[in-house]
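Colleague: So that we are looking at the same thing, I have put the structure below in structure tokens.
Here, each number is a calculation from the coordinates, and none is a lab measurement. What you see is a predicted model; the values in this text were computed from it and never measured. Cβ placement follows ideal geometry from the backbone for every residue including glycine, while neighbour counts extend to all protein chains displayed.
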Amino acid sequence: MNSLNRFFNDLRKYKEYSRNAFFTDLALSNSRSYLGFIWWVLDPLFYMLIYIIVVSIIMGRGEPNFPVFVFSGLLIFRWSSNTIGQSTSSISSKKNIINNIYLPKTLFPFIKNNVNTFYFLISLALLIVLLVIYKIPPTWHYFEIIPVLVVQYLFNFGVSLWLSHLGIVFFDVDKILNVFLRAWYYLSPGLYALDRVPEEFRPFMWLNPLTTSIVSSRNVFLYGKSPVYLGLATWFLISVVLIYFGLRKVYQFDRSYAKVM
């Protein structure tokens with residue numbers, strides 16, 4: 001059976017478990033913190049304040065409406081980095097469940113992706129508040145954020161599938177990934193506009209999926225422009241390929257994971 005068809009069949013068959021696991025994951029993550037959901041809003045907000053102090057106040061640099069500029073990029077990055085970073089243990093952390101009942105292992109990174117997407121959407125409300133505070137007028141382009149979010153969601157899921165598998169095969173993959181994620185933000189146009197990058201290096205910036213998502217998000221919310229549709233189309237196709245072969249890989253070892261965990 002085609003991996004995509006099998007995955008959609010599993011979603012229908014195990015929709016009750018997926019829904020319950022989603023709310024359980026939310027409850028558990030918030031039970032470990034006094035701030036709960038609020039932390040997902042405060043976390044990028046604190047980072048934004050640090051970058052404002054360092055870049056705008058101390059270094060005397062920055063873009064117009066710098067707090068909104070930084071926050072819009074941070075939201076996309078935190079969404080992706082949290083989802084991808086947590087994916088390495090999305091299957092291995094369910095060892096007790098896997099040893100007792102059969103569940104398709106593709107469900108675990110899928111649920112983790114959905115949980116982090118939910119947190120992201122909550123934080124998105126604060127971005128709207130910042131836009132109002134800084135008197136950036138709304139435009140109809142706001143609706144064009146939808147394809148940006150869809151592509152980033154699919155990319156996060158595609159990468160998560162591969163890392164959920166690698167997290168079982170290679171025990172140190174999370175340590176390597178943490179280093180990569182730290183560098184990923186600074187190699188993305190989160191603190192700076194793309195036109196500040198030397199022209200000869202700009203083409204390489206587009207090899208980074210966050211470049212398309214962050215630039216598109218700012219176009220939509222800050223500049224009243226359309227997203228970078230060519231980049232979105234490219235990363236959509238790449239994401240679909242990642243998902244298709246990622247599903248195949250996880251299904252290939254679906255009943256073997258319990259033996260190696």
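Colleague: Helix 15-31 versus the longest principal axis of the chain: what angle, 0 to 90°, nearest 10, using Cα atoms?
Modeller: 60 degrees
Colleague: I would also like to ask the following. Trypsin sites (Lys or Arg not before Pro), restricted to region 149-238: which are DSSP loop and have at most 16 other Cβ atoms within 10 Å?
Modeller: Passing both the DSSP loop test and the Cβ count: 225.
Colleague: Would you list 250, 241 from fewest to most Cβ contacts within 10 Å?
Modeller: 241, 250
Colleague: Which lysines does residue 135 reach when only Cα atoms under 19 Å apart count, and residues fewer than 8 places away in its own chain are ignored?
Modeller: Result set, ordered by chain and number: 225.
Colleague: In debye, nearest 20, what is the charge dipole magnitude of the chain about its Cα centre with +1 on Lys and Arg Cβ and -1 on Asp and Glu Cβ, if you could check?
Modeller: I would put it at about 720 debye.
Colleague: Cut-off under 29 Å on the C-alpha distance; same-chain residues fewer than 8 positions from residue 15 excluded. Which lysines are left, in chain and number order?
Modeller: Cross-link targets: 94, 95, 105, 112, 249, 259.
Colleague: Also: Counting other beta carbons within 10 Å of each Cβ, put 165, 141 in order, fewest first.
Modeller: In increasing order of surrounding Cβ atoms, one gets 141, 165.
Colleague: How much mean residue ellipticity at 222 nm does the chain get from its helices, if each DSSP H run of length 4 or more adds -39500 (n - 2.57) and you divide by all residues, to the nearest 500 deg cm²/dmol?
Modeller: -22500 deg cm²/dmol
Colleague: Could you tell me which label, among (1) 57, 43, 37; (2) 56, 38, 38; (3) 48, 41, 32, carries the value of Cα extents along the principal axes in Å calculated for this structure?
Modeller: Given (1) 57, 43, 37; (2) 56, 38, 38; (3) 48, 41, 32, the structure-derived one carries the label (1).
Colleague: Could I ask something else about it? Can you grab the distance from the C-alpha centre of region 70-133 to the C-alpha centre of region 205-253, Å, no decimals?
Modeller: 16 Å
Colleague: First select every other residue whose beta carbon is under 14 angstrom from the beta carbon of residue 211; then total the charges, Lys and Arg +1, Asp and Glu -1.
Modeller: +2
Colleague: Please go through region 168-261 and write out the chymotrypsin sites (Phe, Trp or Tyr not before Pro) that DSSP classes as loop and that have at most 14 other C-beta atoms within 10 Å.
Modeller: Those that pass, being in a loop and sparsely packed, are 170, 171, 223.
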